Amino acid sequence: MENLEKELRHIYQAILAGEPTATSIANSVHPNYQLSAKNLYRYLILRTFDLRSIHDRLSEVGISAIRTSESYVLKNITNALQIIQLLQGKEQLENTVLDNLGYKKAKKTLKKHASQLFNANHKRHTTEIMVTMPTEVSESEELAEQLIAAGMEIARINLSHDSQEVWIKMVQNLRNASEKLKQPIKIYMDLSGPKLRTADIKINKKGKVQDYIRLNKGEHLILTSRTTDGKTAKYKEEKQLISNAEVGVRLPQIIQDLKIGDPIFFDDGMIEGRVIGKAAEEVELLITKTHKKKLKGGKGINLPTTQLDLPSLTEDDIQNLPFVVQHADIVGYSFVRTPEDVAKLYKELDNLNNTDIGVVLKIENKEAFENLSLLLFEAMKRPKIGVMIARGDLAVELGHERIAEVQQQILWFCEAAHIPVIWATQVLENLAKKGIPTRAEVSDASLSAQAECVMLNKGPYIVDAVHLLKNILIRIEKHYTKKKPSMRALNVAKLKLEKLGNVNA
């Protein structure tokens, strides 16, 4: 018991030692998030400790374990330490912290922030349902009605597709359907960000246009900033290579940023390669894995270790912002990586005299994940904020074996910051696209109740997917909302504390 008290006191004192920094950060954010900023900083300190042994021993003596303390860190540690002292017959620990952020207040704070960003008009479940709008919604008010009636509360319009003419028709049909059904919805618009994609492929093959390049493991591919329609590899009759396959990129500047040895992924990781050579306008890749053989134009490119000199907010995004602030309730920020990226968007919104629109940071690359706490502190300078876990891109960037761990860590950090989370990518994907769910995706959808919002992608059976998701959420929320982690020490917490100036990290 004495050893347990000593370990808890060590953590308690470490958190107290960080209070000046926590207060300084809190003073820089919006008043709505001042307590939340303090708690997030305390959580960073807490997660530099390996807590697995501590909370098991606390549970053994009947004390509420600290594994669920994300949203009220100091209060939880203080309570545990006080009870340990009382069990030993010692005087109760004097509470030196006045903010009194406990379980009930923390839960209420997160709910309040989620309500400000989203609708919060539910009767039977608390997790919001967001749906990516198919182009058909611009042509059919009936489809908009069906989605809203099924349970959709947030309509996502992806600005990477279609045009302003189509988007405005979508908005009109959605607003009309919402008013007709007397069910409020919110409009979410995703900024495109820099489009890391292969250029169009148009190869003339015996009078027909081929829109792909066939690739095999061990072959080489030229990725170029030059204008090209693409080329297939050419061989002599005895299979001796004459020239490598070639494909262009839609953002030529990434060629400059790539370095020899950098990994590169195409088409959501279906084709993998590594840079083995570089020239002024091209890089040579060795194809290391092919889960599919055909690389088409317009496919996504992921560069998990490359330091890209690209703006998260593109000129197209800036041109679209006036339209977004006029018609949307929430804006999604793609490709955000650093606190400076967040500040850039906020500056553009200020230039438009907009202080009301909600802002969602899409965590979709390795740099954003590693900078998560810094991004959250910067985001807290506005009152309506959220985070989207873009699990597809994260899986490619960080490895599929890490995605379950990473999505949980994002949930923990956002809970500590009292920031609502959107759980995204391939939720009930098979049902939406093919009409029947897999068992695995139903289980995955049930886990989404840990977040404040779940996003479904479009498909021919999207209305059925919304129906099923709503029923899953109603059932699962009767059982739990957040899971209990084991809480080993997190390197991401230590590194960010060091960047924030905590000398004890």
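The values are calculated or read from the model by the stated rules, or taken from the named source; none is laboratory data. The structure displayed is predicted, hence computed values, not measured ones. Cβ: placed from backbone, ideal geometry, glycine included. Neighbour counts: every protein chain shown. Note: areas computed on protein heavy atoms with side chains; ligands, DNA, RNA excluded. Shrake-Rupley method; radii C 1.70, N 1.55, O 1.52, S 1.80 Å.
Rounded, prolate or oblate for the stretch 202-256? Axes are the square roots of the Cα gyration tensor eigenvalues, ordered a ≥ b ≥ c, and the cut-off for rounded is a/c under 1.5.
oblate
Using a Förster radius of 22 Å, what is the FRET efficiency between residue 50 and residue 404 based on their Cβ-Cβ separation? Nearest 0.05, please.
0.65
Note down the nm distance, to one decimal, between modelled labels 7 Å out along Cα→Cβ at residue 115 and at residue 165.
4.3
When the Debye formula is applied to the Cα atoms of the stretch 1-142, each taken as the same point scatterer, what base-10 log of I(q)/I(0) results at q = 0.14, 0.21 Å⁻¹?
-0.75, -1.28
Got a number for carbon plus sulfur as a percent of the chain's accessible area, 1.4 Å probe?
C and S atoms contribute 47 percent here.
Give me the extension gain from residue 136 to residue 1: residue separation times 0.36 nm, minus the current Cα-Cα distance, reported in nm with one decimal.
Gain in length upon complete extension: 42.1 nm.
Residue 87 to residue 236: extension gain in nm, 0.36 nm per residue of separation minus the Cα-Cα distance?
Additional length available on full extension: 45.3 nm.
Between residue 202 and residue 434, how many nm apart are label points set 7 Å from Cα along the C-beta direction?
3.4
Hey, with R₀ at 41 Å, roughly what FRET efficiency would residue 292 and residue 338 work out to, going by the Cβ-Cβ distance, to 0.05?
It comes out at approximately 0.80.
Hey, can you find the accessible area per residue of the chain for me, probe 1.4 Å, expressed in square angstrom? Present the calculation step by step, with values, prior to reporting the outcome.
Working: 23090 Å² over 505 residues.
Using a 1.4 Å probe on heavy atoms only, each residue of the chain averages 46 Å².
Once you keep just the Cα pairs under 8 angstrom separated by 6 or more residues, what percentage relative contact order results for the stretch 166-290?
22
Run the numbers for residue 244 and residue 478: contour at 0.36 nm per residue of separation, minus the present Cα-Cα distance, in nm.
Here the segment from residue 244 to residue 478 would lengthen by 78.5 nm.
Which is the longest run of the chain containing none of the GluC sites (Glu not before Pro) found in DSSP loop states (not H, G, I, E, B) with at most 15 other C-beta atoms within 10 Å?
Details: sites that count: 91, 94, 139, 237, 238, 281.
In short, 282-505.
Just how far, in whole angstrom, is the stretch 1-33 from the stretch 344-402 if you go by their alpha carbon centroids?
Distance between centres, Cα-based: 25 Å.
Over 19 Å between C-alpha atoms is what I'm after, so list which of 208/231; 38/499; 180/470; 366/496; 202/294; 186/433 land there.
In this structure, 180/470; 186/433 lie more than 19 Å apart at Cα.
How far apart, in nm, are two points set 7 Å out from the Cα along the Cα-to-Cβ line at residue 471 and at residue 104?
Those two pseudo-labels are separated by 3.7 nm.
Within the set 182/458; 205/278; 344/381; 105/344; 195/362, which residue pairs have Cα atoms separated by over 22 Å?
The answer is 182/458; 205/278; 105/344.
For the pair residue 59 and residue 281, what calculated FRET efficiency results from E = 1/(1 + (r/R0)^6), where r is the Cβ-Cβ distance and R0 = 56 Å, to the nearest 0.05?
Values: r = 61 Å, r/R0 = 1.09.
The calculated FRET efficiency here is 0.35.
Out of 325, 380, 360, whose Cα points farthest toward the positive end of the dipole of the stretch 321-469 (charges: +1 Lys, Arg; -1 Asp, Glu; placed on Cβ)?
Result: 325, furthest along the dipole toward the positive end.
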